[in-house]
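The values are calculated or read from the model by the stated rules, or taken from the named source; none is laboratory data. Predicted model only: the values in this text are computed from it and were never measured. Heads up, the Cβs are rebuilt from the backbone with ideal geometry, glycines too, and the neighbour counts pull from every protein chain shown.
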Amino acid sequence: MDEYTTFLEKAKKLHGGVCAGVVMGIRMSMAAMRELGMDPAKQNKDLIVYVEVDRCMTDGVQAVTGCTLGHRNLKYNDHGKFVATFINMSSGKAIRASAKDDTCKSSHGFWKWAENLFKGNGKCEPSPTPEDMEEGVEIVSGLPEEELLVLEEIQFEVPENDIPGFPKHIATCEICNEHVMDGKELLLGGKIICRSCACKENLLKELFEL
Ligand SMILES: [Zn+2]
Ligand SMILES: [Zn+2]
């Protein structure tokens with residue numbers, strides 16, 4: 001079994017099936033790791049990945065890289081984009097992977113297929129058929145890499161508190177008393193506050209006597 005098929009099988013188990021998004025994640029990860037000089041068949045302790053979506057693509061990334069949220073080597077930025085940045089912590093090299101047809105309008109890849117399903121009105125009605133989904137897998141798996149992906153080497157500094165390992169800092173929220181790790185607390189009105197308390201408007205009003 002070739003490497004791609006091995007990861008496809010792994011992703012299938014993790015995701016519960018194969019779809020165009022999962023294949024995007026697999027292909028992004030294999031390409032970016034090659035650019036970083038990392039072998040996905042091995043354990044890569046120096047790899048950190050920032051994904052920008054909580055959708056299928058991310059399971060493809062996890063299947064290839066082995067990075068997970070629990071190990072703190074997979075980071076999630078809630079941007080709703082099929083974009084992932086792969087960092088080799090030992091060399092400092094960072095590769096940002098995205099869909100080619102996001103920027104190159106003459107390319108036809110994942111987004112052209114997806115836009116066609118959404119028929120330009122932002123609504124996918126009726127829902128995609130199994131044939132539509134199969135077509136997406138075929139497009140994304142069959143395209144040559146240079147037509148599917150953009151791989152850019154970028155400057156990227158991993159914030160100190162994002163680095164895996166034992167927490168360097170633990171705070172306690174002065175409102176709910178719950179512990180907050182890795183510098184995620186806020187200092188508001190002289191009080192240490194967790195982000196979930198800070199999201200409660202009435203608590204903030206009380207604190208600042210608004
Ligand atoms: Zn999926
Ligand atoms: Zn709190």
Pairs where the first residue, in the range 22-35, is touching a residue at least 60 places away in the same chain (Cβ under 8 Å) and over 15 Å from Glu147 (Cα atoms) and the second is charged (D, E, K, R) and surrounded by fewer than 24 Cβ atoms within 10 Å (Cβ to Cβ), C-beta under 8 Å, 6+ apart: Glu35/Lys93; Glu35/Glu153
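Among the helices (runs of 4 or more DSSP H) lying completely within the range 118-200, list those that include at least 2 residues that are within 16 Å of ligand 2 (Cβ to nearest atom) and over 22 Å from His71 (Cβ atoms). Before the answer, list the steps.
Working: elements: 130-142, 145-148, 195-198.
Correct list: 195-198.
So how many residues does the range 42-69 have that are on the phi > 0 side of the Ramachandran plot and in contact with a Cys (Cβ under 6 Å, 6 or more places away or on another chain)?
Our first condition is that a residue be on the phi > 0 side of the Ramachandran plot; within the range 42-69, this holds for 66.
Still in the list and also in contact with a Cys (Cβ under 6 Å, 6 or more places away or on another chain): none.
The number of residues fulfilling the criteria is 0.
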Go through (1) farther than 21 Å from Gly142 by Cα; (2) more than 15 Å from ligand 1 (Cβ to nearest atom); (3) hydrophobic (A, V, I, L, M, F, W, C); (4) modelled with pLDDT of 95 or more and name the single condition Ala41 misses. (4)
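Based on what the data block shows, is Met181 at pLDDT 90 or above and over 23 Å from Arg72 (Cβ atoms)?
Working: at pLDDT 90 or above: yes; over 23 Å from Arg72 (Cβ atoms): no.
So Met181 does not fit the description; no.
Hey, among the residues in the range 188-200 that are within 28 Å of the chain's Cα centre (by Cα) and not β-branched (Val, Ile, Thr), which one's farthest from Arg72 (Cα to Cα)? Spell out the reasoning first.
Pass one, the range 188-200, residues within 28 Å of the chain's Cα centre (by Cα): 193-200.
Checking the rest, the ones that are also not β-branched (Val, Ile, Thr) come to 194-200.
Values: Cys194: 20, Arg195: 19, Ser196: 20, Cys197: 24, Ala198: 24, Cys199: 24, Lys200: 27 Å.
Among those residues, the one meeting the criterion is Lys200.
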Pick from the range 98-117, criterion small (Gly, Ala, Ser) and over 21 Å from the mean Cα position of the chain (by Cα), ranking: nearest to Ile139 (Cα to Cα): Ser107
Sort out which residues of the range 81-97 are surrounded by fewer than 21 Cβ atoms within 10 Å (Cβ to Cβ) and over 9 Å from the mean Cα position of the chain (by Cα), and write them in order of number. Asn88, Met89, Ser90, Ser91, Gly92, Lys93, Arg96
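When you look at Met1, is it assigned to a helix (DSSP H, G or I) and surrounded by fewer than 21 Cβ atoms within 10 Å (Cβ to Cβ), yes or no? Even if it seems obvious, please write down each step before you answer.
On the way: assigned to a helix (DSSP H, G or I): no; surrounded by fewer than 21 Cβ atoms within 10 Å (Cβ to Cβ): yes.
No, not satisfied.
What about Leu47, is it aliphatic (A, V, I, L, M), within 16 Å of ligand 1 (Cβ to nearest atom) and in the same structural domain as Gly66 (by TED's automatic domain parsing)? Quick ask: steps written out before the conclusion?
Values: aliphatic (A, V, I, L, M): yes; within 16 Å of ligand 1 (Cβ to nearest atom): no; in the same structural domain as Gly66 (by TED's automatic domain parsing): yes.
So Leu47 does not fit the description; no.
Conditions (1) of a type in the set (A, V, I, L, M); (2) touching a strand residue (DSSP E or B) at 6+ places or on another chain (Cβ under 6 Å), marked per residue:
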{"residue": "Thr6", "(1), (2)": "no, no"}
{"residue": "His15", "(1), (2)": "no, no"}
{"residue": "Val23", "(1), (2)": "yes, no"}
{"residue": "Met30", "(1), (2)": "yes, no"}
{"residue": "Asp39", "(1), (2)": "no, no"}
{"residue": "Lys42", "(1), (2)": "no, no"}
{"residue": "Lys75", "(1), (2)": "no, yes"}
{"residue": "Ser107", "(1), (2)": "no, no"}
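State yes or no: is Glu134 out of contact with any Asp or Glu (no Cβ under 8 Å at 6 or more places or on another chain) and either assigned by TED's automatic domain parsing to the domain that holds Asn88 or not β-branched (Val, Ile, Thr) (or both)? Break it down into steps so the answer makes sense when it comes.
On the way: out of contact with any Asp or Glu (no Cβ under 8 Å at 6 or more places or on another chain): yes; either assigned by TED's automatic domain parsing to the domain that holds Asn88 or not β-branched (Val, Ile, Thr) (or both): yes.
So Glu134 passes the test.
What about Arg55, is it more than 19 Å from Gly142 (Cα to Cα), of a type in the set (Lys, Arg) and out of contact with any Phe, Trp or Tyr (no Cβ under 7 Å at 6 or more places or on another chain)? Can you show your working first?
Values: more than 19 Å from Gly142 (Cα to Cα): yes; of a type in the set (Lys, Arg): yes; out of contact with any Phe, Trp or Tyr (no Cβ under 7 Å at 6 or more places or on another chain): yes.
Considered against the rule, which asks whether it is more than 19 Å from Gly142 (Cα to Cα), of a type in the set (Lys, Arg) and out of contact with any Phe, Trp or Tyr (no Cβ under 7 Å at 6 or more places or on another chain), Arg55 comes out as yes.
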If Leu149 passes every condition in (1) over 21 Å from the mean Cα position of the chain (by Cα); (2) closer than 30 Å to Leu117 by Cα; (3) surrounded by 13 or more Cβ atoms within 10 Å (Cβ to Cβ) but one, which one does it miss? (1)
